[in-house]
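Enquirer: I'd like to ask you about the structure that follows.
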Amino acid sequence: MTTAIRTQSGRAVKMNSRAGAVLPDIDVYRDRLWTDAEKLIGRLDRHEITPDDYIAEVRALHRAVDPCVELREWIGRALAEKKDQVLNQKTTPEKAWTMQLLYLEPNEVHPPHCHHNLISTQVVLHGRVYVREWDRVARLGTDRILLRTRTDRWFGPGDRMETTEISCNAHWFCADDSPAVILNFYILGFQEWTFDPPGTKGRRMLDPTCGVQADGLIIARELPLTEGYERFGDRRIVDVPLPRYEGRAAISP
Ligand SMILES: [Fe+2]
């Protein structure tokens, strides 16, 4: 779901959010990249494998069936139409899953955010994407969480973000000055332990620039969806250095 929003610098950008909506069931791609993934979802749902096993199995599936090759036609369609391509999507009262291609226009930013009870694999299929990923380490207050930086680099085709409740749950990514396409395969509601209580809103925006501890862990402030886009929706990640400890924890309000 995409709407437009104006950033603090006045530029109109796309704002992507599922925002709790019940999305229509879609089943237009039926080849192995989906059918084998669907079997893995079933094994996870029956507790035959753990979330970490599931992530590793999806990685192995992508070694056997290269998404950059398998989805070539869909990548071309995303670039030609300049829009996301939803391949498979299903929502039940307790769970949901989606396999789609995200089209990122040049310099498009997905501002820093974290997730609730999501397991996802995202693979760059075309173009270059700058990626920052963090683990959530602890909740410090009602709108403050502690982050550990895991990734801070450019990704190219084949590079992957792997997200669970306890690993690389928060991320921030943006395209360079050319379009990019990312395979976005996520499932919701499959983890027993969650960082926040059940019923927590799914996606929360973050400001990871407001402070750092002596141990290098970053103090991030949770933001409403619109404020996240207003503050970071047009900021190139490479222009925003991660906070560094300089003798005392500088924490902005
Ligand atoms: Fe995300």
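Enquirer: Estimate the FRET efficiency between LYS201 and ASP25 by the formula 1/(1 + (r/R0)^6), using the beta-carbon distance for r and 30 Å for R0, to the nearest 0.05.
Expert: Numbers: r = 23 Å, r/R0 = 0.76.
Calculated transfer efficiency: 0.85.
Enquirer: Decide, for region 98-200, between rounded, prolate and oblate: order the square roots of the alpha carbon gyration tensor eigenvalues as a ≥ b ≥ c, take rounded if a/c falls under 1.5, and otherwise choose prolate if a/b is larger than b/c, else oblate. Present the calculation step by step, with values, prior to reporting the outcome.
Expert: Working: a/c = 2.30, a/b = 1.63, b/c = 1.41.
In terms of gyration-tensor shape, prolate.
Enquirer: Over the chain, what is the mean sequence separation of C-alpha contacts under 8 Å (at least six apart), divided by residue count, expressed as relative contact order in percent? Could the numbers behind the result be given before it?
Expert: Working: 557 pairs, mean separation 55.4, N = 253.
Taking the mean separation of contacting Cα pairs over the length of the chain, I get 22 percent.
Enquirer: Report the local net charge at HIS126: Lys and Arg +1, Asp and Glu -1, summed over other residues whose C-beta lies under 15 Å from its C-beta.
Expert: On the way: positive: ARG72, ARG77, LYS82, LYS83, ARG128, ARG160; negative: ASP66, GLU70, GLU73, GLU81, ASP84, GLU105, GLU108, ASP159, ASP176, ASP177.
In short, -4.
Enquirer: Using amide H atoms built 1.01 Å from N in the peptide plane, name the residues 5+ places from ASN117, or on other chains, whose amide H lies under 5 Å from its own.
Expert: It is PHE195, by chain and number.
Enquirer: What is the list of residues in region 83-124 whose amide nitrogen lies under 17 Å from a point 7 angstrom out from the Cα of ASP66, following Cα to Cβ?
Expert: 123-124
Enquirer: In addition: Once a ≥ b ≥ c are taken as the square roots of the eigenvalues of the Cα gyration tensor of region 13-74, is the result rounded (a/c under 1.5), prolate (a/b larger than b/c) or oblate (a/b not larger than b/c)? Write out the running numbers ahead of the final one.
Expert: On the way: a/c = 1.76, a/b = 1.20, b/c = 1.47.
Since a/c reaches 1.5 but b/c is at least a/b, the shape of region 13-74 is classed as oblate.
Enquirer: Let me ask you something else. Counting only helical runs of four or more DSSP H residues, what would the 222 nm mean residue ellipticity of the chain come to if each run contributes -39,500 (n - 2.57) and the total is spread over all its residues?
Expert: Details: 5 runs with 50 residues, N = 253.
After summing the helix terms and dividing by the residues of the chain, the value is -6000 deg cm²/dmol.
Enquirer: Using R₀ = 25 Å, calculate the FRET efficiency as 1/(1 + (r/R₀)^6) where r is the Cβ-Cβ separation of GLU105 and SER167; round to 0.05.
Expert: Details: r = 29 Å, r/R0 = 1.16.
Working from the Cβ atoms, E equals 0.30.
Enquirer: With bins 10 Å wide starting at 0, give me the P(r) of region 64-155 over every alpha carbon pair, in whole percents.
Expert: 12, 37, 35, 14, 2
Enquirer: Could you list which residues have their amide H under 5 Å from that of ASP234, counting only those 5 or more apart in sequence or on another chain, with H placed in the peptide plane?
Expert: none
Enquirer: Cut-off is 10 Å between beta-carbons; in what order do VAL124, VAL238, VAL65 appear when sorted fewest neighbours first?
Expert: Values: VAL124 25, VAL238 11, VAL65 16.
Ascending number of Cβ neighbours within 10 Å: VAL238, VAL65, VAL124.
Enquirer: Would you mind ranking TRP34, TRP193 by Cβ crowding within 10 Å, fewest neighbours first? Display every interim value, and only then the final one.
Expert: Values: TRP34 18, TRP193 8.
Fewest to most other Cβ atoms nearby, the residues stand as TRP193, TRP34.
Enquirer: Let me ask you something else. Would you list ARG236, ARG128 from fewest to most Cβ contacts within 10 Å? Could the numbers behind the result be given before it?
Expert: On the way: ARG236 13, ARG128 16.
Ordered by Cβ neighbours within 10 Å, fewest first: ARG236, ARG128.
Enquirer: I've got another one for you. Could you derive backbone 3J(HN,Hα) for region 208-219 from the dihedral phi with the Karplus parameters 6.51, -1.76 and 1.60 (θ = phi - 60°), listing whole Hz in sequence and x where the residue is Gly or Pro?
Expert: Per residue, the Karplus-derived 3J(HN,Hα) values read x, 10, 8, x, 8, 8, 4, 7, x, 6, 9, 8 Hz.
Enquirer: May I pose another question? Dividing the convex hull volume of the alpha carbon atoms of region 1-135 by its residue count, what do you get in Å³ per residue? Mind dumping the intermediate values first?
Expert: On the way: hull volume 18.9 nm³, N = 135.
So the per-residue Cα hull volume is 140 Å³.
Enquirer: Can you give the local net charge around MET99? Use residues other than it whose beta-carbon is closer than 13 angstrom to its beta-carbon, Lys and Arg +1, Asp and Glu -1.
Expert: Values: positive: ARG30, ARG32, LYS90; negative: ASP25, ASP27, ASP31, ASP36, GLU38, GLU70, ASP84.
Spelling it out: positives minus negatives among the neighbours equals -4.
Enquirer: I'm a student and want to see the number: the projected area of the Cα convex hull of the chain, averaged over all directions, in nm². Spell out each step's value before the answer.
Expert: Details: hull surface 53.2 nm².
Mean projected area for the chain: 13.3 nm², to one decimal.
Enquirer: Excluding same-chain residues fewer than 8 positions from LYS83, which lysines have a Cα within less than 23 Å of its Cα?
Expert: Here the lysines satisfying the reach criterion relative to LYS83 are LYS14.
Bear in mind these aren't lab numbers, they're just calculated from the coordinates by the rules spelled out. Computed from a predicted model, the values in this text were never measured in an experiment. All Cβ positions, glycine included, derive from the backbone under ideal geometry; neighbour counts span all protein chains shown.
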